[in-house]
Amino acid sequence: MDKIRIGIAGYGNVGRGVEKAVAASTDMELRAVFTRRAPESLRLADSAVCVCSVEDAEKMTDDIDVMLLCGGSATDLKDQGPRFAKLYNIVDSYDNHTQIPEYLAEIDAAAKKTTAIISSGWDPGLFSISRLLSQAVLPDGESYTFWGKGVSQGHSDAIRHVVGVKNAVQYSIPIESAIKKVRSGSRPKLEAGQKHKRECYVVTESNADKSLIEDTIKSIPYYFADYDTTVHFIEDDDFQANHTKMPHGGMVIHSGSTGKNRENRQTIEFSLKLESNPEFTGSVMVAYARAAFRMAREGLYGAKTVFDVPLAYLSIWDRQTLIKKLL
């Protein structure tokens, strides 16, 4: 069987994670990496893979089956998503939850002859599936999502786009008292800022206005404006020594009840503990690239979410093997 030909748009942390996941997938091959940087400046694990300017993407539609978009949600994907969905079957990990309906509509308008699976990381993505399953099984219940402690790539990317910021990382920190309330089955009403804190470590350009940078970060809507956010300004050597690893994780806890009088408390919990957030995100995206390829062959075009993708389409195994090994 011919291998699925993969392209990567954007060679940052997620792009490198996708590269590793493709290399580990026996049914795929990496054909090209598209970058806004000078192509000759990139060094890939496989020197035979084409490194191309992102401006040349329109010339390679016959050579790539699925393009994985690895830019940030704050700015990159809003532009790249609709553009690439006109040309390729795509997969991305767009993670701005409140803006997903609007983004989905933009992608759907572009993907008339392609299959475009958006928001296919772990949240949104795998956690979204857990929330759906939990609500379906225990409709008399409430789902709560906690992230961290760990590095949020989308939030970190948003900080790095602030004028005067040289480098930055953001840690999402769940509030333990909130987790305890949820696990008790009491179904508390919690606002976003009551579940998490944001902690930012920022390296600035020389002579940057740190006060202005801090105020700008804390006012970024959706990412920081509604949270208890702390900004630490540090030197580059401190950043390189202590803040370059990218752990993350989190959990979805669904607390529900069954019985005529709701007398039996039931809890569903799905959790992740990740040593490398971008490598795990890349692995999820690659699984959905397999699904996008299969759906495109069936003419299932348009913008899709993880809710629209049959789970069997994610696996390299055929149906009979899945039933035998996993059912």
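The values are calculated or read from the model by the stated rules, or taken from the named source; none is laboratory data. Nothing here was measured: the structure is a model prediction, and the numbers come from that model. Heads up, the Cβs are rebuilt from the backbone with ideal geometry, glycines too, and the neighbour counts pull from every protein chain shown.
Across the range 95-109, not a single residue is classified as small (Gly, Ala, Ser), in the same structural domain as GLU58 (by TED's automatic domain parsing) and in a loop (DSSP other than H, G, I, E, B). In the set (1) under 30 Å from GLU142 (Cα atoms); (2) of a type in the set (Ser, Thr, Tyr); (3) modelled with pLDDT under 95, the condition left unmet by THR229 is number (3).
Among the numbered conditions (1) buried (at least 23 other Cβ atoms within 10 Å of the Cβ); (2) of a type outside the set (Gly, Ala, Ser); (3) free of Cβ contacts under 8 Å to residues at least 12 places away in the same chain, the only one that ASP79 does not meet is (1). Screening LEU68, LEU104 for residues that are under 20 Å from SER283 (Cβ atoms) and either under 21 Å from the mean Cα position of the chain (by Cα) or surrounded by 22 or more Cβ atoms within 10 Å (Cβ to Cβ) (or both) leaves exactly one candidate, LEU68. Among residues of the range 53-65 being more than 24 Å from the chain's Cα centre (by Cα) and surrounded by 13 or more Cβ atoms within 10 Å (Cβ to Cβ), the one that is farthest from LEU87 (Cα to Cα) is MET60. One residue alone among GLY154, GLY185, GLY148 is small (Gly, Ala, Ser), within 23 Å of the chain's Cα centre (by Cα), at pLDDT below 95 and farther than 30 Å from ASP56 by Cβ, and that residue is GLY148.
Across the range 227-240, which residue is farthest from LYS195 (Cα to Cα) among those that are in a strand (DSSP E or B) and either touching a Lys or Arg at 6+ places or on another chain (Cβ under 9 Å) or of a type in the set (Lys, Arg) (or both)? Applying the filter and picking the extreme gives PHE233. Filter the range 203-226 down to the residues that are within 26 Å of the chain's Cα centre (by Cα), of a type outside the set (Val, Ile, Thr) and either at pLDDT below 95 or not in a helix (DSSP H, G or I) (or both) and list them by number. Passing the criteria: SER219, PRO221, TYR222, TYR223, PHE224, ALA225, ASP226.
Set side by side, the residues SER206, SER172 differ, and just one is exposed (fewer than 14 other Cβ atoms within 10 Å of the Cβ) and of a type in the set (Ser, Thr, Tyr), which is SER206.
List pairs: first in the range 213-226 and under 19 Å from ILE100 (Cβ atoms), second of a type in the set (Ser, Thr, Tyr) and surrounded by fewer than 20 Cβ atoms within 10 Å (Cβ to Cβ), Cβ under 7 Å, 6+ apart or cross-chain? If the second residue must be of a type in the set (Ser, Thr, Tyr) and surrounded by fewer than 20 Cβ atoms within 10 Å (Cβ to Cβ), the pairs left are TYR222/THR98; ALA225/SER219.
Would you say GLN194 is out of contact with any strand residue (DSSP E or B) (no Cβ under 8 Å at 6 or more places or on another chain) and at negative phi? Break it down into steps so the answer makes sense when it comes.
On the way: out of contact with any strand residue (DSSP E or B) (no Cβ under 8 Å at 6 or more places or on another chain): yes; at negative phi: yes.
In short, yes.
With respect to (1) touching a Cys at 6+ places or on another chain (Cβ under 7 Å); (2) under 26 Å from PHE127 (Cα atoms); (3) surrounded by fewer than 18 Cβ atoms within 10 Å (Cβ to Cβ), the lone exception for HIS232 is condition (2).
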